[in-house]
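So the structure is just underneath, and the comments pick up after that.
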Amino acid sequence: AVGARTEGWYSYNIGDWHFVALNSNCGSIGGCNTGSAQYRWLQGDLLQSRHKCTVAYMHHPFLSSGQNGSTPELLPLMRLLHENSVDVVLAGHDHLYERFNPATPDQVADSAKGLRLFTVGTGGRDLYEFTRVLPNSAVRYNQSFGVLRITMKELAYDWSFVNIGGIVID
């Protein structure tokens, strides 16, 4: 366990990147709204970070075209991540792969400062269907299990989603 059981959020640095783990079980931690303990912590953490590249990750996706759908309670945190130019947001929960083009938390395309969201829930349990296609959803895949490979560089990153057959899907 990392941090207090009632929290579940923390951060650390590896090389040129700052990593932020968030607790997307908002109802269990007193909310994810502006002014919540996690929001205040995240605000301070992002202000203190001197890294130019940041990735945030959590269990539930903010946006998902899959059967579990989006987690709108995360909107205040997503706005804070966007305001602080976070580069990548990773999530799971929906058993599928989906990548969103960079956008604001209000789903307006934003190639300069937008959040790139990934949902990667293709680790070995039953795969889910897509029930809708949300704005800015660029790639959706649920035909086989797979992994997301991210190469983090000094001021950039590359990614590829590779299925269990070794085929690069995205």
Net charge, Asp170 excluded, C-beta distance under 14 Å - Lys, Arg +1, Asp, Glu -1
+2
Where no second cysteine Cβ lies under 4.7 Å, the cysteines concerned in the chain:
Cys53
What percentage of the solvent-accessible surface of region 3-158, computed with a 1.4 Å probe over protein heavy atoms, is contributed by carbon and sulfur atoms?
47
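Only Cα pairs under 8 Å and at least 6 apart count here; give the relative contact order of region 17-111 as a rounded whole percent. Numbers along the way, then the final one.
Values: 136 pairs, mean separation 27.4, N = 95.
Relative contact order here is 29 percent.
Return the FRET efficiency for the residue pair Arg149, Thr34: r is the Cβ-Cβ distance, R0 is 35 Å, and the value is rounded to the nearest 0.05.
Working: r = 35 Å, r/R0 = 0.99.
It comes to 0.50.
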Proximal charge balance of Gly92 [Cβ under 14 Å; K/R count +1, D/E count -1]
-1
Per-residue accessible area for Ile164 at 1.4 Å probe radius, Å² rounded to 10?
130
Relative contact order (percent) for the chain, with alpha-carbon contacts under 8 angstrom and 6 or more residues of separation?
17
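To the nearest 0.05, what FRET efficiency results for Glu7 and Ala109 with a Förster distance of 35 Å applied to their C-beta separation?
Numbers: r = 34 Å, r/R0 = 0.96.
Approximately 0.55, to the nearest 0.05.
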From the phi angles alone, apply the Karplus equation (6.51, -1.76, 1.60; θ = phi - 60°) to region 18-32 and give each ³J(HN,Hα) in whole Hz, x where the residue is Gly or Pro.
9, 10, 10, 9, 10, 9, 8, 8, 3, x, 8, 10, x, x, 10
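Measuring with a 1.4 Å probe in the full set of protein chains, what accessible area per residue, in whole Å², belongs to region 12-120?
Working: 4500 Å² over 109 residues.
Dividing the accessible area of region 12-120 by its residue count gives 41 Å².
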Leaving ligands, DNA and RNA out of it, rank Tyr141, Tyr97 by accessible area with a 1.4 Å probe, largest first.
Tyr141, Tyr97
Could you size up the charge dipole of region 25-98 around its Cα centre, putting +1 on the beta carbon of Lys and Arg and -1 on that of Asp and Glu, and report it in debye to the nearest 20?
260
Counting only DSSP beta bridges fully inside region 1-157, the antiparallel percentage to nearest 5 is 55
Of Thr122, Leu22, Leu134, which is farthest along the charge dipole of the chain in the positive direction, counting Lys and Arg as +1 and Asp and Glu as -1 at C-beta?
Leu22
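Using a 1.4 angstrom probe on the protein heavy atoms only, line up Thr34, Thr104 by accessible area, largest first. If you can, show how the numbers build up before the last one.
On the way: Thr34 95, Thr104 30 Å².
The ordering from most to least exposed comes out as Thr34, Thr104.
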In nanometres, what is the gap between the two model label sites at Glu83 and His59, each 7 Å from Cα along Cα-to-Cβ?
2.7
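Under the rule of -39500 (n - 2.57) per DSSP H run of 4 or more residues, summed and divided by the residues of the chain, what mean residue ellipticity at 222 nm is obtained, to the nearest 500 deg cm²/dmol? Could the numbers behind the result be given before it?
Details: 2 runs with 21 residues, N = 170.
Roughly -3500 deg cm²/dmol at 222 nm, from the helical runs in the chain.
Would you work out the charge dipole size for the chain about its Cα centre, treating the Cβ of every Lys and Arg as +1 and the Cβ of every Asp and Glu as -1, and quote it to the nearest 20 debye?
Magnitude of the dipole: close to 120 debye.
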Got a number for the accessible area of Asp106? Probe 1.4 Å, square angstrom, nearest 10.
90
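The values are calculated or read from the model by the stated rules, or taken from the named source; none is laboratory data. As the structure is a prediction and not an experimental result, all values here were calculated from the model. Methodologically, a virtual Cβ is constructed for each residue, glycine included, from the backbone with ideal geometry; neighbour enumeration extends over all protein chains shown. Only protein heavy atoms, including side chains, enter the accessible area calculation; ligands, DNA and RNA are left aside. Shrake-Rupley method; radii C 1.70, N 1.55, O 1.52, S 1.80 Å.
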